[in-house]
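Structure first, then comments.
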């Protein structure tokens, strides 16, 4: 990759980090509100939405790295594969982006986002939301 490509990647990643900060602030505000009230289904949906947005920006960040530095994204199970790929060092290309623990937490968020996007098939599970909202790792 040439210097212009690396500068572009750096700019895109910096913009993603800035967006992540804004999304974290929204998440924090939702959490503060929920701590003051008895949450109903719509409040939980707001929390789930904030969590899935945080995952989405992280996935964008990882996708940019994979596209720019490794020059490919595999179709099919790419969402899960992308997280696994970010946990490995690519010799001569980049260090590991995530630790194994971080990868496990982000994979929980990925799985939750999939369930949340398909919520029309079932009700939002408050217990699963609570697990994703406070993952171990």
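The values are calculated or read from the model by the stated rules, or taken from the named source; none is laboratory data. Quick caveat, the model's predicted, so the values are computed rather than measured. Every residue, glycine as well, gets a Cβ built from its backbone with ideal geometry; the counts of neighbours run over all protein chains shown.
Of note:
- Scan region 20-51 for residues that are over 24 Å from residue 124 (Cα atoms) and under 12 Å from the mean Cα position of the chain (by Cα) and the total you get is 1.
Listed here are the residues, each with its yes/no results for (1) modelled with pLDDT of 95 or more; (2) over 17 Å from the mean Cα position of the chain (by Cα).
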position: 53; (1), (2): yes, no
position: 61; (1), (2): yes, no
position: 72; (1), (2): no, yes
position: 78; (1), (2): no, no
position: 83; (1), (2): yes, no
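- Meets criteria (within 30 Å of residue 40 (Cβ to Cβ) and either under 18 Å from the mean Cα position of the chain (by Cα) or modelled with pLDDT under 90 (or both)) for residue 114: yes
- In this structure, residue 37 does not satisfy being buried (at least 17 other Cβ atoms within 10 Å of the Cβ) and either in contact with a strand residue (DSSP E or B) (Cβ under 8 Å, 6 or more places away or on another chain) or more than 25 Å from residue 95 (Cα to Cα) (or both).
- Within region 58-82, tally of residues that are in contact with a helix residue (DSSP H, G or I) (Cβ under 8 Å, 6 or more places away or on another chain) and assigned to a helix (DSSP H, G or I): 15
- Just one of (1) under 14 Å from the mean Cα position of the chain (by Cα); (2) surrounded by 16 or more Cβ atoms within 10 Å (Cβ to Cβ); (3) over 17 Å from residue 108 (Cβ atoms) fails for residue 9. It is (1).
- Condition check for residue 106: surrounded by 15 or more Cβ atoms within 10 Å (Cβ to Cβ), in contact (Cβ under 8 Å) with a residue 40 or more places away in the chain and part of a helix (DSSP H, G or I): yes
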